[in-house]
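One structure is given here, and the rest of the page talks about it.
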Amino acid sequence: MGIKINIETCTGCASCVAVCPFGVMEIKDDKAYVNVGCTLCGACKEACAFEAVIIEEEAKAPAAEGHRGIWVFAEQREGEIKSVGYELLSRGRELADSLQAEPSGRGLKTELCAVCLGNNIKNAEQLIAYGADKVFLVDDPALGSQSEDLYAGALVKLIQEHKPEIVLVGATSLGRSLIPRVAATLQTGLTADCTDLAIDTEKRLLLQTRPAFGGNIMATIICEAKRPQMATVRPRVFAKKPFSGRQGQIIKVDFDKAAVTSKTRLLSFVADLKEKIKIEDADIIVSGGRGLEKPENFKLIEELARVMGAAVGSSRPPVDEGWIPYSHQVGQTGKTVRPKLYIACGISGSVQHLAGMQTSECIVAINNDPNAPIFEIATYGIVGDLFKVVPMMIDKLKG
Amino acid sequence: MNIIVCLKQVPGTTKVNINPETNTLMRQGIENIINPFDAYALEEGVRLKERYGGKVTVISMGPPQAEAALREAISLGADEAILIGDRAFAGADTLATSYTLSRAIKKIKDFDLVICGRQTIDGDTAQVGPETAEMLRIAFVSYVSKVEEVKEGLIQVHRLIEEGHETIEATLPALITVVKEINVPRLPSLRGKAKAKSAVIPTWTAQELETDPARVGLTGSPTRVVKIFSPQRTRTGEVLQGSPEEQIDSLIKKLRGSQLI
Ligand SMILES: Cc1cc2nc3c(=O)[nH]c(=O)nc-3n(C[C@H](O)[C@H](O)[C@H](O)COP(=O)(O)OP(=O)(O)OC[C@H]3O[C@@H](n4cnc5c(N)ncnc54)[C@H](O)[C@@H]3O)c2cc1C
Ligand SMILES: Cc1cc2nc3c(=O)[nH]c(=O)nc-3n(C[C@H](O)[C@H](O)[C@H](O)COP(=O)(O)OP(=O)(O)OC[C@H]3O[C@@H](n4cnc5c(N)ncnc54)[C@H](O)[C@@H]3O)c2cc1C
């Protein structure tokens, strides 16, 4: 596979230079030249009036052959299945329903399966309510400590055995650490941290859209020749849609201890959430940023959160400064949240912060700079000094 | 203790814009830097060398200009640097990048620890660390915020995950990815700068690495970017008016009205 320029027909018109999304085309000695960084996206070929751009596509192996079905990895912690698993099943159901099971199409639908690994997993039948036709349940004491080595081994084995065409996984700490290892063993493509998924039904291709360059650009990525097509997907980008009375099948799978060993060992774990309400699950989040100036001022945020029954969030600077633990950080390198109401106090609205909260239903911004970018995405904005506004809000909500 | 640090050269800003007319990335005049997370990886490598002896080798896969990042790494304390460069490696996705890096690491052969950044600031995938570890079939720990100690073929580290802190023990050789909490990188020393200037940085090509042509560059990359575009920020917000008190009253009324509180 590669790109070539036919220098016989190339006129050096530079129309390819203008359209290259990656800026790798150049005119050298009056002819087009392809620099390092080309992704074979084909924009230049389309733009060339002289058919001078040749993209050699190898005859792709019929990749989808023998691979059928959409899988969702339902992550659990201490037996509790995480919300992102249900979100992905809800979206997965829609994707599966848009794909015919056989190209000839006899009305057969594509199967949606959930895979859940852990120990004493609770409510696995819920996975069916959110759209799974089948649930592969691997419940074993050895899987209790979330060993990524054991998880990876068990998942690879299941995928090799059942050959799904698509595997979706929540882009959590565990998902983003574990799944690349599974993809590497299977030697297939993996798209990171997607915020949108669609299907090209004709080619049975998953169209995976993700932010890159810190959220400044969006890219749509496909995986044509390898199966399964794998993606990690940000929590809270898809809504949960339960069905009532759905039927499905729970298949218990034995964990083969002999087949995998772990090269790591968990010695201890310390949870560092200060609050009882987890920010991932909260309906309301009150977040503070650098505008709070001092650690003791974070109490204002905590107080407002308390009177509203909300969880406490933060932008990165307060975490960097040690005012609040990392588990409260919202954003690209923190958590993605989608509460009904997000209140940002003294937060400017950097792309990295927005990446973690912009899909919230209602966003309120309190900031003394009317030009702060947070106002561009805020549903309601209050331009003012948070040290006046927040205490007043607390009083009014209490009263 | 022999340490390999994987380092990528990236544009010095994530504020790349898309030309709305042509839909192309506008990268003019942007300076290249060492990926910020890789600066922490390098610093940790140098600190571990200072603590336990051994040497630090930095490797980077990239175009010829990535040599500048490797030279900078030497000024920051790395002993040796190798550029992994070949036109055949161009256009690699994370799978092909990881395969190529793993070939280079195998060629270096004598190593105890590989350190990567948690993620880059351009591709942003955070996949190269775990994929490379898997291809090397060695122990892997992500999001490391502290190396507690290295002893008797084991490394003990703290890692930062969504739910809190874990302490993990892994067998060596291992690959870890580091987060920014791990250290504060030093500035280049005068001696380091002098060393960087005269350092000889070899380039390893596909031939030297004996890579499988089907697994490198574009050919070896199952994923393909087919479209790029600017993110849409669609929200028509309302800046509340009046005195602070009036603004708050109106806010509370609106939130109650839409049953948000
Ligand atoms: C690779 C990478 C990853 C990152 N990941 C994240 C992430 O996950 N999450 C994250 O949040 N950031 C992240 N960042 C950092 C991000 O770029 C910003 O620096 C950060 O979000 C800024 O936080 P802030 O809005 O609190 O601070 P600032 O940008 O400093 O904004 C403070 C705001 O407070 C306002 N203010 C000051 N005083 C008052 C007052 N008295 N009353 C009202 N308003 C006041 C100011 O007008 C200003 O708008 C990341 C950066 C990089 C490079
Ligand atoms: C817009 C866009 C989106 C993309 N999306 C995807 C995608 O979803 N999936 C995919 O497989 N590829 C994707 N790619 C390709 C990917 O960016 C490249 O494969 C890149 O070479 C490595 O990925 P990264 O920058 O994300 O590195 P990360 O995986 O984020 O890097 C983690 C660490 O690995 C080490 N490392 C990474 N690259 C190198 C290197 N070249 N040399 C030495 N060490 C290195 C560093 O220590 C780094 O801190 C995308 C590219 C673009 C332009």
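The values are calculated or read from the model by the stated rules, or taken from the named source; none is laboratory data. These figures come from a predicted structure and were not determined experimentally. Quick reminder, even Gly has a Cβ in these numbers, built from the backbone with ideal geometry, and neighbours come from all protein chains shown. The area values use the complete protein model at the heavy-atom level, side chains included, leaving out ligands, DNA and RNA. Shrake-Rupley method; radii C 1.70, N 1.55, O 1.52, S 1.80 Å.
Just a few scattered comments:
Listed here are the residues, each with its yes/no results for (1) modelled with pLDDT of 95 or more; (2) under 18 Å from A:P318 (Cβ atoms); (3) within 16 Å of ligand 2 (Cβ to nearest atom).
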position	(1), (2), (3)
A:I347	yes, yes, no
A:S350	no, yes, no
A:L354	no, yes, no
A:M357	no, yes, no
A:S360	no, no, no
A:N367	yes, yes, no
A:P373	no, no, no
A:L386	yes, yes, no
A:M392	yes, no, no
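Yes/no matrix, rows are residues, columns are (1) near ligand 1 (Cβ under 8 Å from one of its atoms); (2) in the same structural domain as A:T209 (by TED's automatic domain parsing); (3) out of contact with any Gly (no Cβ under 9 Å at 6 or more places or on another chain):
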| position | (1), (2), (3) |
| --- | --- |
| A:E321 | no, no, yes |
| A:P325 | no, no, no |
| A:V337 | no, no, no |
| A:I366 | yes, no, no |
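- Hits in segment A:191-211 - residues which are open to solvent by 10 Å² or more (accessible area, probe 1.4 Å) and within 17 Å of the chain's Cα centre (by Cα): A:D193, A:T195, A:D196, A:A198, A:I199, A:L207, A:T209, A:R210, A:P211
- Residue in segment B:190-206 that is crowded, with 20+ Cβ neighbours inside 10 Å and within 16 Å of ligand 2 (Cβ to nearest atom) present: yes
- Figure legend. Inter-residue proximity from segment B:72-95: first residues within 14 Å of chain A (Cβ to nearest Cβ), second residues part of a helix (DSSP H, G or I) and within 16 Å of ligand 1 (Cβ to nearest atom), beta-carbon distance below 8 Å, spacing 6+ or different chains. Indicated pairs: B:T94/B:V128.
- Only a single item in (1) more than 8 Å from chain A (Cβ to nearest Cβ); (2) in a strand (DSSP E or B) is not met by B:A194, and it is number (2).
- Residue count for segment B:225-246 under the criterion of being at the interface with chain A (Cβ under 7 Å from one of its Cβ atoms) and either in contact (Cβ under 8 Å) with a residue 40 or more places away in the chain or open to solvent by 50 Å² or more (accessible area, probe 1.4 Å) (or both): the result is 11.
- Residue ranges of strands (runs of 3 or more DSSP E) in segment A:1-40 with at least 3 members more than 29 Å from the chain's Cα centre (by Cα) and in contact (Cβ under 8 Å) with a residue 40 or more places away in the chain: A:2-5
- Here A:W323 meets the list (1) facing chain B (nearest Cβ under 10 Å); (2) open to solvent by 10 Å² or more (accessible area, probe 1.4 Å); (3) in contact with a Pro (Cβ under 7 Å, 6 or more places away or on another chain) almost entirely, failing just condition (1).
- Per the conditions (1) farther than 27 Å from A:N216 by Cα; (2) within 14 Å of ligand 2 (Cβ to nearest atom); (3) open to solvent by less than 30 Å² (accessible area, probe 1.4 Å), the sole criterion not satisfied by B:I168 is (2).
- Segment A:179-190 - residue that is buried (at least 24 other Cβ atoms within 10 Å of the Cβ) and over 16 Å from A:E224 (Cβ atoms) and, of those, farthest from the chain's Cα centre (by Cα): A:A184
- B:A126 vs. criteria among the small types (G, A, S) and within 16 Å of ligand 1 (Cβ to nearest atom): yes
- Number of the condition not met by A:A310 [criteria: (1) crowded, with 23+ Cβ neighbours inside 10 Å; (2) within 16 Å of ligand 1 (Cβ to nearest atom)]: (2)
- Of all residues in segment A:363-384 being in contact (Cβ under 8 Å) with a residue 24 or more places away in the chain and hydrophobic (A, V, I, L, M, F, W, C), the one that is most open to solvent (accessible area, probe 1.4 Å): A:F375
- Residue within segment A:175-185 that is within 23 Å of A:L150 (Cβ to Cβ), within 16 Å of ligand 1 (Cβ to nearest atom) and in the same structural domain as A:G85 (by TED's automatic domain parsing) present: yes
- Filtering segment B:116-165 to residues that are within 13 Å of ligand 2 (Cβ to nearest atom), assigned to a strand (DSSP E or B) and more than 9 Å from chain A (Cβ to nearest Cβ) leaves B:C116, B:G117, B:V144.
- When B:V128 is tested against (1) surrounded by fewer than 22 Cβ atoms within 10 Å (Cβ to Cβ); (2) in contact (Cβ under 8 Å) with a residue 40 or more places away in the chain; (3) of a type in the set (A, V, I, L, M), exactly one condition is not met: (1).
- Within segment A:196-220, the set of residues being over 26 Å from A:L158 (Cα atoms), among the β-branched types (V, I, T) and more than 7 Å from chain B (Cβ to nearest Cβ) comprises just one member, A:T209.
- Being among the small types (G, A, S), surrounded by fewer than 16 Cβ atoms within 10 Å (Cβ to Cβ), in a loop (DSSP other than H, G, I, E, B) and away from ligand 2 (no atom under 16 Å from the Cβ) is a condition met by no residue of segment A:246-260.
- Residue count for segment A:339-357, restricted to those that are out of contact with any helix residue (DSSP H, G or I) (no Cβ under 9 Å at 6 or more places or on another chain) and open to solvent by 10 Å² or more (accessible area, probe 1.4 Å): 1
- Hey, B:L218 out of contact with any Asp or Glu (no Cβ under 8 Å at 6 or more places or on another chain), within 13 Å of chain A (Cβ to nearest Cβ) and in a strand (DSSP E or B) or not: no
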